[in-house]
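J.: There's a structure below that I have some questions on.
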Amino acid sequence: MLTQIGLFLIQTIFGFLIFIFLLRFYAFACRVNLSLTGHQAGQFIYALSDWAVLPLRRLLPKWGRLDLPSLLPAIGLEVILSAVSSFLLGAWHLNLPGLLVTAVFALLSLAISGLMGLVIVYALLSLVQPHSPLFILMSKLCEPFLQPLRRFLPLIGGIDLSAFVALMVFQIALMIIKSLHLSALY
């Protein structure tokens, strides 16, 4: 039971930090400056991730919309999390290629789950507080996925269903990732 509790705590803390790095990476790709959004969420994300991103930023260049100093800590933490989880679950011999495969698929799953969370928050805020600073931030982060869907989906009774369709697409992507991960391991 202590192993399960420890594993839960480690996965929660690492998962949260990895999500913060992925969110910073994604915001940079969407050209959203989190410090200029007028909301404390951006300051919170920077405060939690600057310890790793700023030193890496001196070493690694930005490639267009790819902010490698934000992505590499997420990858590194996911590899560490996969190794610690495997060890705690009884895998005494650690297979580095297997860990890397598991880490990549876990990172992809977390990224898609995070996007699903952003879309859900965006949809809820659009109903209750469409003029809040947090909604403006969510809008900037979600529009790259929702805008292409809106070209094909008409409003039905004045309701925009693009968020619902995006959630279905993300869920299908998670199913595909899980299937690919299982096939890559066996």
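J.: Of these, Leu68, Leu56, Leu81, which one is closer than 30 Å to Ile5 by Cβ and of a type outside the set (Gly, Ala, Ser)?
T.: Sole residue among the options that is closer than 30 Å to Ile5 by Cβ and of a type outside the set (Gly, Ala, Ser): Leu81.
J.: Search the range 91-125 for residues being farther than 27 Å from Ser179 by Cβ and without any contact (Cβ under 8 Å) to a residue 12 or more places away in the chain, and hand back the single one that is surrounded by the most Cβ atoms within 10 Å (Cβ to Cβ).
T.: Within the range 91-125, the match that is surrounded by the most Cβ atoms within 10 Å (Cβ to Cβ) is Leu124.
J.: Let me ask something additional. So is Leu60 farther than 16 Å from Phe21 by Cβ, over 16 Å from the mean Cα position of the chain (by Cα) and hydrophobic (A, V, I, L, M, F, W, C) or not?
T.: no
J.: I've got another one for you. So for the range 31-46 (the condition being at positive phi and either modelled with pLDDT under 90 or among the polar types (S, T, N, Q) (or both)), does at least one residue qualify?
T.: yes
J.: Could you list, ordered by first residue, the pairs with Cβ atoms under 7 Å in which the first is in the range 158-170 and over 12 Å from Leu127 (Cβ atoms) and touching a residue at least 12 places away in the same chain (Cβ under 8 Å) and the second is of a type in the set (Phe, Trp, Tyr) and surrounded by 17 or more Cβ atoms within 10 Å (Cβ to Cβ), at least 6 apart or interchain?
T.: Ala166/Phe145
J.: What number of residues in the range 57-71 are in contact with a Leu (Cβ under 6 Å, 6 or more places away or on another chain) and hydrophobic (A, V, I, L, M, F, W, C)?
T.: 2
J.: Got a sec? Which helices (runs of 4 or more DSSP H) wholly within the range 1-90 have at least 2 residues that are exposed (fewer than 14 other Cβ atoms within 10 Å of the Cβ), among the charged types (D, E, K, R) and in contact (Cβ under 8 Å) with a residue 40 or more places away in the chain?
T.: none
The values are calculated or read from the model by the stated rules, or taken from the named source; none is laboratory data. This structure is a prediction, so every number in the text was calculated from the model and none was measured. Here Cβ is always computed from backbone atoms with ideal geometry, including for glycine, and neighbour counts include all displayed protein chains.
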